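Shown below is the structure under consideration.
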Amino acid sequence: MSYLLFFILTTSLINADYISGNVFDIDTNNPLSNVNILISGSDIGTITDENGTFKLDNIEFGEYVISASMIGYKPYSQNIITNKISKKHVQIFLDKEPLQWQAINVMGFIPSKHSPEITQMVVTDRKLNTNQNTLSTLLNNLHGIQVQSAHDYGRNVNISIRGSSDFKPGGYNNRVLLLLDGFPVSIPNSGSSDWNAIPFETVQRIEVVRGPASSVYGHNSMGGVINIVTRSGAAMKKWHPELRFGSYDSKAISLSYSRNIQKMNINSSLGHISSKGHRFNSGFKQSRLSFKINRELPKDQKIQLSVIACNSFNQQPGFIYPDNPGLISYRESLRISGYVQLYYKRLIGKNIFSLSLATNQFKTDYRDRDDTPLDHSQGKTNYRDNSYIVRSQFQRFFNDDANLTFGTELSLDQSKSNVLRNIFTQPEQNTIAGFIQYRKPLLKEFLYDIGLRYDLREVTGGEGYSVKTFKAVSPKFTLFYKINSNLTTHLSINQGFRAPSISELFLEYESSYGLLLQGNPTIKAESLTNTDLGIKYEYLESLSFFSNIFFNRYKHMIDFIYTIPVQSINREEVHGVGFEFGSNILIEKIGSNVNFSYSYLEMKNMNSNIPLLYRPKHRLRFTMVQESPIASFQFSSRYTSSQLYEDFLSDDHPIENNKVIFPLETLPETIITDLSVSVTIMDYDFSLKIKNLFNENYSLIQHYPMPRRNFEFTINKTID
C-alpha cells in the first residue's frame, strides 16, 4: 500500500486550465491527424491525434489567437478567450487548397504507402475493447486475426491474418510483417518478429492491412501488415506513469516522458514486467527502453531518430500430455533486441523526398534450467541475427489531386546459429527492390490506386553452397467508390510473395519433444493472389458497419510436414474463402456502446487430401461498454470454433514411405470472456480486469493449456 501511495504522490500534477478541440475536413467532416496547433506569439503547441483531437495545457486566463496548419489545407486562425467560468473547447474545420490534399493519406512522418481505404486504424479505446496492455492481446480482439502465445506477454507470438499461417509446432509464423514506424523489424533467421519487445506504452496507433502488401513492402507481407506508429512528443512536458500487478505474481511498471521544445519533439519510455507464469516453466521477465526524437530543420526538412532496446528472459513451457507425463520442458531463453531507425524527409515544392536507414539486432540464447534432469538436458543453443535496411523514396503531388510514389529498397540479413547445418556457416540474404505507386481521383466519387514492386533476393549458405535466387513481381490495384457521404466501397486485387526463411532452408535441430527438424534448400518461394470486396457505412460516431468478402489463392505454400526428419515442403495450391462483418453502435443517452465482429474462413488444400491445420471456420467477438457517473464497465467475449490438429505427441504413429502418420484430432471450440471495471480519480485511471471470467479450461494448440481465471489491476495517469 505504501508503494502505491508513493507512486500516486510522486507523479500527481495539479489540474490546469486548458484549451482543447477537434479538427475536421470541412468537406468530408473526417477528423484530421497531425495538424499543427499553435498559440500565436508563444512556444505552446501540439499536433492532433488520429481522432483529430488536441489539448493545450497550462493555459492562463486571457485572450489568445490559436492557429492550425497542415500541408494541403489553407491556414486557419481563431480568437480564443479563457476565463474562470469554463475551459474552452473548439471545433476547427480546414478547407483544402487546390495543390495536394490527397498527400495527407500517404505522407505521414514515416510514409504509409498502403491504401488507406483498406487499412484499419486502431487506437486505444475502451469502447472498442482495444485498451489492452500488449500488442498480442489487442490484435486478438480484431476481426480476421488469430493470435497464439504462451501468455499475454509472451515473446514467441504467432499471428495469422485470414488463415495465412498455422500454429503447427516446428513451423514459423512469418507471413505477417511487423513494422515499427514503417520499418520492418523481422528476425532474419525465422522471418517472424519479437512482437512484444516494443514498448506498448509508446504506441499511438496501429495500422492493420489484411491481405498481401508485397507491392509495397515485399517479402514477408503476403499475409498482411501490422504497422506500429509510436508517439512523437507533446505540446508540453508530460510524464505518464503506469503500475500493474495481478495473478501469478505478475508485476509491471513503466514511465513515459514526452516534450515539445520549440521545433523538436522528444518521446521516451522505461518499463519492466515480470511473472512466475500460470504453470511450470512459464515465467518471464522483460525490461524495455525507448527514445525517439524528431526535429524540424530549415527549408522544409525533418529528421527523426528512434532507438528501442529490450532485454527479455522467457521460460519455454512444454506440452502437457496425459499419455506421457514425463514430457516436460526445462528450456529457457534470453534475448536482447535492439532497433535503431533514422529517417529524413524534405519537402521540395510539390515533391517529398525521404531517406530511411535502419538496423535490427537480435542476440538469443537457449539453455537448460538449473534443475534439469540429466536425461532432459539439451545444452546451449544460440542465434545471432542482424539486419540492415536502406530505403529512398520520392513522392510527387499533382494539381488534379493525383500523386506518384516511387523508390528503392536495399536490405542485408545475417544469421549465425549452432542449430543450422554445419555446412552453412553464416547464411545471408540480400534483397534489392524497386517500387512505384500511383493514386488518382476519378470525378468526385472514384479513386484508384495502382502499384508494382520488383524484388530480387539472393541467399548464400556457406562454402560449397551455390547462391539461391528468388525473384518476384508484385502488382496491386484498388478501386475506391464513395456512394454517399456515409457509404463507401472498394475492390482490391493484390499479389504477394514470400521467399523461404533461413531456418526453413538450413535448420538442423532436435526439439525438446523428440522431433528432428531439418531445413530443405530445394523449396520454392510461395505466392498469394488476393481479391477483396468491401463496403463500409459510418454515421458520425453513433453507428458504423463494415463487411468484406475475400478469396485467396496460394501457390507453393510452404508447410512443415512430419517426415523423418521433419522438413518444409511446398503445397501445390491452397484456396481460402472468407467473409467478415461487424458493427459499432453508440447509444450516447444511456452511455452504452456495443461492438461486435464475425469472421468466416474456409481453407482447402487443392489436389490433396491432406487437411490444413489450425484454421477455425468461425470467430466472433462481442464487447459492451456501459458508462456510469461512478465507473466504466466493459464486458467482452470471444468465440472460436473447433479446429484440426495433428497429434505429433501420440505413440500411435505408423510410418509410410518415410512419412510419419499422426492421428488427426479436434481442438474444441472456446468462448473466453473478460470483465473489467474502470474508475477515474484525480487524473488517474484505476482498472480491474478479470480475464477468462468463467474459468474456461482451454488450449490454443494441442495439449498446451492456457491460463484459467486470473486478475489484473492497473493504475495509470490519464493521457491528455
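The values are calculated or read from the model by the stated rules, or taken from the named source; none is laboratory data. Quick caveat, the model's predicted, so the values are computed rather than measured. Note that each Cβ is placed from the backbone with ideal geometry, even for glycine, and that neighbours are counted across all protein chains shown.
Would the stretch 363-375 turn up any residue that is in contact (Cβ under 8 Å) with a residue 12 or more places away in the chain, in contact with a Ser or Thr (Cβ under 6 Å, 6 or more places away or on another chain), closer than 19 Å to V157 by Cα and crowded, with 16+ Cβ neighbours inside 10 Å?
Yes, there is a match, as at least one residue in the stretch 363-375 is in contact (Cβ under 8 Å) with a residue 12 or more places away in the chain, in contact with a Ser or Thr (Cβ under 6 Å, 6 or more places away or on another chain), closer than 19 Å to V157 by Cα and crowded, with 16+ Cβ neighbours inside 10 Å.
Under the condition of being closer than 11 Å to I266 by Cα and basic (K, R), which residue from the stretch 282-297 is surrounded by the fewest Cβ atoms within 10 Å (Cβ to Cβ)?
Of everything passing the filter in the stretch 282-297, R295 is surrounded by the fewest Cβ atoms within 10 Å (Cβ to Cβ).
Considering only residues that are touching a Phe, Trp or Tyr at 6+ places or on another chain (Cβ under 8 Å), of a type outside the set (S, T, Y) and either under 16 Å from L94 (Cα atoms) or not in a strand (DSSP E or B) (or both), which ones fall in the stretch 47-68?
I47, G52, D57, N58, I59, A68
Scan the stretch 1-38 residue by residue and report those that are surrounded by 15 or more Cβ atoms within 10 Å (Cβ to Cβ) and at pLDDT below 70.
Matches in the stretch 1-38: F7, I8, T11, D17.
Restricting to the stretch 453-481, name every residue that is farther than 23 Å from E428 by Cβ, out of contact with any Gly (no Cβ under 9 Å at 6 or more places or on another chain) and hydrophobic (A, V, I, L, M, F, W, C).
Hits for the stretch 453-481 are V473, L479, F480.
Out of S221, S192, I need the residue that is modelled with pLDDT under 90, of a type in the set (S, T, Y) and not assigned by TED's automatic domain parsing to the domain that holds I701. Which one?
The unique qualifying residue is S192.
From S337, S329, S312, S306, grab the single residue that is touching a residue at least 40 places away in the same chain (Cβ under 8 Å), buried (at least 19 other Cβ atoms within 10 Å of the Cβ) and not in a strand (DSSP E or B).
Residue meeting the stated conditions: S329.
Condition check ((1) of a type outside the set (D, E, K, R); (2) closer than 28 Å to V594 by Cβ; (3) under 28 Å from the mean Cα position of the chain (by Cα)) across all residues:
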| position | (1), (2), (3) |
| --- | --- |
| R638 | no, yes, yes |
| D647 | no, no, no |
| D651 | no, no, no |
| P654 | yes, no, no |
| E665 | no, no, no |
| T670 | yes, yes, yes |
| L693 | yes, yes, yes |
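Here are some conditions: (1) closer than 26 Å to Y509 by Cβ; (2) outside any loop (DSSP other than H, G, I, E, B); (3) not β-branched (V, I, T). Q426 meets all but one. Which one does it not meet?
In the conditions (1) closer than 26 Å to Y509 by Cβ; (2) outside any loop (DSSP other than H, G, I, E, B); (3) not β-branched (V, I, T), Q426 misses (2) alone.
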